[in-house]
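One structure is given below, encoded as structure tokens.
The values are calculated or read from the model by the stated rules, or taken from the named source; none is laboratory data. Everything numeric here is computed off the predicted structure, so don't read it as measured data. For neighbour counting, all protein chains shown are included, and Cβ atoms are generated from backbone atoms with ideal geometry for every residue, glycine included. With ligands, DNA and RNA removed, areas are computed over all heavy atoms of the protein, side chains included. Shrake-Rupley method; radii C 1.70, N 1.55, O 1.52, S 1.80 Å.
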Amino acid sequence: MDLSEYARRLDDRLDTAAYTDVDASANGLQVGPDDAEIERVAFAVDAAGATIEAAAEADADALVVHHGISWGGIERATGVTYDRIAALVENDIALYVSHLPLDGHPDLGNAAGVADAIGLAAREPFGTLGPVTIGTIGETARPRTTAALREALDGFEGQPDDEDAPTRVVDAGPDEIERVAVVTGSGADWLDEAAEADADALITGEGKGKVYHEAREAGITVFLGGHYATETFGVRSLQSLAEEWGLETAYVSHPTGL
């Protein structure tokens, strides 16, 4: 498949253009010639030296990631930025990035993947950011305790495997949880919106120090499943989509533990 055609298909499917004015990430094709042909695509959460090396070892023609290398533009190709671009060019690997579009997509997105994993139904867009949304909100099939929902989140790919319960919890909501909001990665800033939407709980990846008091004052339980661990779902979905389009694929797992 032509690289430009592949990038166009992803842009269209993810509605990339809708996020242009609200996302610091340069979404879409960040590195690569438009006229290249691709047969094998690697997928990873982050574009980093280790994942680019793994993509090269997998003989990939392109690497698709959630976190790319251009945030607000690249003023100088030096240091780590140079090393990453050089590794991509030297190994003839194109880089395609989808940050917020891949968080909020109702079917392929990270929040959608988390919602699928815990069985949320009657889902609606959530996590307002300007004219777009980056999360989802829905209902559990039956009321669930904090412990039961935490158990459902424990074991996501990339969580520490040496802890009894890797998901951190601020248990400040009702005893039975039914309405759950999800904003993956660093989504604690949407706690107020969750409260306004009558959510019993907010699931995200990581929190800021203030989330403890904010959750208690709002009466909402907050689950922190890990930034990396809550954001593997989107690139996994794009991997399946690439296979539907006839491309060979490889998945690069490189958990950060954060």
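Among what's in region 187-213 and is charged (D, E, K, R) and open to solvent by less than 50 Å² (accessible area, probe 1.4 Å), pick the residue that is nearest to Glu124 (Cα to Cα).
Initial filter on region 187-213 (charged (D, E, K, R)): 189, 192-193, 196, 198, 200, 206, 208, 210.
Of the ones still in play, those that are also open to solvent by less than 50 Å² (accessible area, probe 1.4 Å) are 193, 200.
Details: Glu193: 13, Asp200: 15 Å.
The selected residue is Glu193.
Say whether the condition of being surrounded by fewer than 13 Cβ atoms within 10 Å (Cβ to Cβ), touching a His at 6+ places or on another chain (Cβ under 9 Å) and at pLDDT 95 or above is met by at least one residue in region 144-164. Within region 144-164, none of the residues are surrounded by fewer than 13 Cβ atoms within 10 Å (Cβ to Cβ), touching a His at 6+ places or on another chain (Cβ under 9 Å) and at pLDDT 95 or above. Against the conditions (1) touching a Gly at 6+ places or on another chain (Cβ under 6 Å); (2) closer than 17 Å to Asp189 by Cα, Thr136 satisfies every one except (1). Exactly one residue out of Ala55, Ala42, Ala60, Ala50 is in contact (Cβ under 8 Å) with a residue 60 or more places away in the chain and open to solvent by 30 Å² or more (accessible area, probe 1.4 Å): that is Ala50.
Kindly indicate which of Thr136, Thr184 is β-branched (Val, Ile, Thr), crowded, with 19+ Cβ neighbours inside 10 Å, touching a Pro at 6+ places or on another chain (Cβ under 7 Å) and within 30 Å of Tyr6 (Cα to Cα).
Details: Thr184 fails: touching a Pro at 6+ places or on another chain (Cβ under 7 Å).
Result of the check over Thr136, Thr184: Thr136.
Taking the listed residues Gly130, Gly104, Gly113, Gly138, the one that is among the small types (Gly, Ala, Ser) and touching a Leu at 6+ places or on another chain (Cβ under 7 Å) is Gly138, with no other qualifying. Could you tell me whether Ala165 is touching a residue at least 24 places away in the same chain (Cβ under 8 Å) and under 25 Å from Pro143 (Cα atoms)? Here the answer is no, as Ala165 does not meet what is asked. The residues of region 114-133 that are open to solvent by less than 10 Å² (accessible area, probe 1.4 Å) and either without any contact (Cβ under 8 Å) to a residue 40 or more places away in the chain or small (Gly, Ala, Ser) (or both), listed by number, are Ala115, Gly127. Condition first: within 18 Å of the chain's Cα centre (by Cα) and farther than 18 Å from Phe233 by Cβ. Now tell me which residues in region 192-207 satisfy that. Of everything in region 192-207, just one residue is within 18 Å of the chain's Cα centre (by Cα) and farther than 18 Å from Phe233 by Cβ, namely Gly207.
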